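Derivation of every value follows stated rules applied to the coordinates shown; laboratory data play no part. In this text the structure is predicted, and so the values were computed from the model without any measurement. With ideal geometry, Cβ positions are generated from the backbone for all residues, glycine too; neighbour counts draw on all protein chains shown.
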């Protein structure tokens, strides 16, 4: 089995981010606590089982539209009119690095790191609120490991006007717990599912989480939250991706696709699955991945609810080749087409997001990454970093008490890392950070369609 590189980013940038002489300092302990949630706030919702079947089209009321606008639109406008560079729109709060599962591709899993305290959680939410942020994603590890704690976090954040998003593998989201989070004001449950049934390297499976999932699929119409499937395309789950996609379509669930990536930065010994990993895509898998991508594009055009645009799905074909670390010419990338790839090369070279460097090699062009400007992560100890791929960096970007984001440093870093990064979340944020696109989206989805219907990519 082929081995993977220890990291994908340029050596000089990796060394800067992982060997910085100044280490980030944890946020000071101030002894604050989160308030105890009132439960139930809406007792009538506990007794409401939801519709027997999902309605043909999701209908949103004025309250739902306002909550979404308050989470996304208002912070965007604020970031455009106020001076300064740091105006977070999206924030990722790492409640845990611990996890109840062990996915072989995941480099954020670390059961030795202590989870976030109530003190850090409360001050992080307050700090983000003061900077205009209103979208808060609860991340891990598995963020639902401590039910009482996450209930407090959701309750406090929602009361302060945050659009709260929970990324979970779903195993711990029992119906009574889901009702508590729904009552507290969660906006999105994002189920991370990579396989239909259990696999040794891909334990985020549908079958073990099915009972929990079916409960929230009906209760979403009671509490007003959304449900997504977050699917990571690996070499050993291509058929599972198709099966999960069809289930999502049949049950009117939106899907969000990622391509399995090796670590961007060098990892320490806790990432024990780096080598001989069955999830990493190899050159012999490119054809099958291409077929899957084409299948997803067909479904996207047919109206399946997908966060990813057609262009972004198409670029998966480029990314799996450019990030493989092998001689691409050997596999028909720059050759004479004997391997059937000349047409693919011409297609990829014509994409807006792909460019050729001075040596004629294809790579991702700079795409206006907003990390450290409109996007931020907060680690369990209150230290901050610009984006998810950088969560493991030891570079000192400060903490919630004293952030140290520097425009020049971020710009220099992004000049390299943007060409190695396929982050769906950050690409979507960068694509949306454009006044003309925002106005077009508002016209189409709010004014024309009254914000009714399903979830589509921003460009649709």
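With the cut-off at under 15 Å, measuring from each backbone N in region 144-167 to a point 7 Å along the Cα-to-Cβ line of residue 100 picks out 144-151, 167. Relative to the current alpha-carbon distance between residue 239 and residue 439, full extension at 0.36 nm per residue lengthens the span by 68.2 nm.
Just the number, please: percent antiparallel of the DSSP beta bridges in the chain, rounded to the nearest 5.
Details: 7 of 39 bridges.
In the chain, approximately 20 percent of DSSP beta bridges are antiparallel ones.
Here r is the Cβ-Cβ distance between residue 311 and residue 409 and R0 is 41 Å; the resulting FRET efficiency, rounded to 0.05, is 0.85.
Rounded, prolate or oblate for region 362-418? Axes are the square roots of the Cα gyration tensor eigenvalues, ordered a ≥ b ≥ c, and the cut-off for rounded is a/c under 1.5.
Numbers: a/c = 2.30, a/b = 1.91, b/c = 1.20.
In terms of gyration-tensor shape, prolate.
Both radii were evaluated on the Cα set of region 9-117; the Rg over Rh quotient, with Rh as the Kirkwood radius, amounts to 1.06. Model label sites at residue 63 and residue 38, defined 7 Å from Cα along the beta-carbon direction, differ in position by 1.3 nm. Here residue 272 and residue 394 are evaluated by their C-beta separation; at R0 = 22 Å the FRET efficiency comes out at 0.65.
Which value, in nm² and rounded to one decimal, describes the direction-averaged projected area of the C-alpha convex hull of region 179-243?
Details: hull surface 18.2 nm².
Directional mean of the projected Cα hull area for region 179-243 stands at 4.5 nm².
The C-alpha radius of gyration of region 1-63, expressed as a fraction of 2.2 N^0.38 Å, stands at 2.40.
Expressed in nm to one decimal, what extension gain is obtained for the pair residue 246 and residue 368 from 0.36 nm per residue of sequence separation less their Cα-Cα distance? If you can, show how the numbers build up before the last one.
Details: separation 122, 0.36 × 122 = 43.92 nm, distance 3.32 nm.
Answer, rounded to one decimal: 40.6 nm.
Remind me, relative contact order of region 201-255 in percent, using alpha carbon pairs under 8 angstrom and six or more residues apart? In percent, rounded to a whole number, it is 32. For the peptides 215-223, 398-406, the ranking by mean Cβ contacts within 10 Å, running from highest to lowest, is 215-223, 398-406. When the label point is put 7 Å from the Cα of residue 401 along its Cα-to-beta-carbon vector, which residues of region 15-37 have a backbone N closer than 17 Å? Within reach of a label on residue 401, which here means backbone N under 17 Å from a point 7 Å along Cα→Cβ, region 15-37 contributes 23-33. Projected onto its three principal axes, the C-alpha set of region 62-117 covers 42, 32, 26 Å, listed from the longest axis down. Kirkwood hydrodynamic radius of the chain, from the reciprocal of the average inverse Cα-Cα distance over all distinct pairs: 22.9 Å. When restricted to Cα atoms, region 65-212 yields an Rg and a Dmax of 16.2, 50 Å, respectively. Highest mean packing comes first when the peptides 17-29, 292-304 are listed by Cβ atoms within 10 Å, giving 292-304, 17-29. Each part reduced to its alpha carbon centroid, region 74-150 and region 246-305 end up 24 Å apart.
Normalising the average separation of contacting C-alpha pairs (under 8 angstrom, six or more residues apart) by the number of residues puts the relative contact order of region 81-139 at 53 percent.
With an 8 Å Cα cut-off and a minimum separation of 6 or more residues, compute the relative contact order for the chain in percent. Mind dumping the intermediate values first?
Values: 807 pairs, mean separation 101.8, N = 460.
22 percent.
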